[in-house]
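Visitor: Supplied in structure tokens, the structure appears directly below.
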Amino acid sequence: MTGSVGRPHELEAIELLASLVGPGPEGEVWIGDDAAVLGPASAPVLFATDLAAEGVHFDRRHGTLADLGWRVLVQNLSDIAAMGGRPRAAVVAVAGAGFDELGLIYEGLLEASRRFGCPVVGGDLSDATALNISVAILGASAGTAPVLRSGAGPGETVFVTGPLGAASAGLRELRADPGARSACTAAFLRPVPRLGEGVAAALGGARAMIDVSDGFGIDLRRLAEASGVGVVLDELPVAPGATPDEALGGGEDYELVFTAPDPGAVAARFAESGLRAPVPVGTTTADVAEFLLRGVPLASTGYEHRLG
């Protein structure tokens with residue numbers, strides 16, 4: 001979805017808020033990454049939150065309320081994965097849900113909670129004219145410092161943990177037929193956070209990492225800009241059933257994109273963890289103006305809120 005011309009972009013709003021809030025104390029990371037990093041370097045705490053608003057982030061015609069509950073927790077778990085961390089606990093606030101609807105939302109939410117080891121320990125309820133769900137989640141590092149978006153340097157390999165575009169293709173199928181069921185609709189309705197992959201990437205020497213929530217093009221651009229590097233890609237892994245455009249800009253895949261200087265160390269760590277090997281797709285460069293796919297400028301496509 002897009003907003004009207006002239007309305008400020010989400011990133012402009014984030015920049016405004018970051019200027020108002022200011023930087024955190026030395027050693028902490030506040031606004032600007034997938035999760036905040038708080039506390040001492042010896043035991044950092046990861047803290048993230050996301051909001052799902054009806055009519056903006058979801059449509060009740062595309063899946064059940066249980067599917068929605070699953071998805072809202074997973075999108076927060078993916079933020080922890082993108083830092084190379086493990087989840088500890090979550091709180092959930094729901095506004096605008098009826099009694100029966102609340103039970104259905106929590107059915108899926110708690111299913112994801114149990115599967116991915118993140119207990120829901122509290123939250124809040126409110127009346128509202130539309131359904132809104134907000135999740136805040138705590139996590140912890142898993143043996144390394146949290147991996148930020150800003151740590152990449154030139155000459156590193158860019159990896160993606162899996163093919164892209166399945167969730168967007170699934171949404172396309174559901175819009176055409178709300179009863180459609182396929183591997184792509186499953187990817188949209190019940191995405192999987194790459195928690196193990198995030199830890200393996202961190203232990204394999206990842207220098208920068210982000211999850212593909214808004215779209216590969218826009219999320220990779222965010223990583224490159226935060227790190228002050230360019231990117232030259234020679235491959236775009238497209239999921240079966242998806243188009244290249246969906247892989248580039250569809251979003252909600254929750255695969256991880258990361259850079260690392262030693263591809264061999266990455267491959268070994270993923271193999272030791274019993275995980276599918278990540279796909280090397282390109283290289284970072286010293287030229288911040290470079291953002292290419294097979295020699296052609298790579299579009300920074302994806303979803304971005306417009307505010308106003």
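Please treat every number below as a calculation from the coordinates, not as lab data. Since the structure is predicted, the reported quantities are computational estimates derived from the model, not experimental observations. No Cβ is skipped: glycine too gets one built from the backbone with ideal geometry, and neighbour counts run over all protein chains shown.
Visitor: Counting each DSSP H run of 4 or more residues in the chain as -39500 (n - 2.57), what helix-only mean residue ellipticity at 222 nm follows after dividing by all residues, to the nearest 500 deg cm²/dmol?
Guide: So the helix-based figure for the chain works out to -10000 deg cm²/dmol.
Visitor: Also, I was wondering about something else. What trypsin sites (Lys or Arg not before Pro) does the range 18-88 have in DSSP loop regions with at most 16 other beta carbons within 10 Å?
Guide: Hits after loop and neighbour filter: R60, R61.
Visitor: Measure off 7 Å from each Cα along the Cα-to-Cβ vector at T49 and V279, then give the distance between these two points in nanometres to one decimal.
Guide: In this crude label model, T49 to V279 measures out at 3.5 nm.
Visitor: Just the Cα atoms of the range 157-297, one point each, no solvent: what log10 I(q)/I(0) does Debye give at q = 0.09, 0.10, 0.15, 0.17 Å⁻¹?
Guide: -0.26, -0.33, -0.71, -0.89
Visitor: If you build a Gaussian network model of the chain, linking Cα atoms that sit under 10 Å apart, which residue out of V135, V212, V147 swings the most?
Guide: Answer for the Gaussian network model of the chain: V135.
Visitor: For the chain, with equal point scatterers placed on the C-alpha atoms only and solvent neglected, what are the log10 I(q)/I(0) values from the Debye formula at q = 0.07, 0.16 1/Å, to two decimals?
Guide: -0.25, -1.46
Visitor: Return the loop-located trypsin sites (Lys or Arg not before Pro) in the range 213-308 (DSSP other than H, G, I, E, B) with at most 15 other Cβ atoms within 10 Å of their own Cβ; answer none if there are none.
Guide: Taking the range 213-308 and a limit of 15 other Cβ atoms within 10 Å, the loop trypsin sites (Lys or Arg not before Pro) found are R276, R294.
Visitor: Another question, then. Once the Cα atoms of helix 166-176 and of the chain are each reduced to a long axis, what angle between those two axes, in degrees from 0 to 90 to the nearest 10, is obtained?
Guide: Helix 166-176 sits at roughly 40 degrees to that axis.
Visitor: Go from 0 up to the bin containing the longest alpha carbon distance in the range 105-236, width 5 Å each, and give me the % of pairs per bin.
Guide: In whole percents, the pair-distance histogram is 2, 8, 14, 16, 18, 17, 14, 8, 4, 1, 0.
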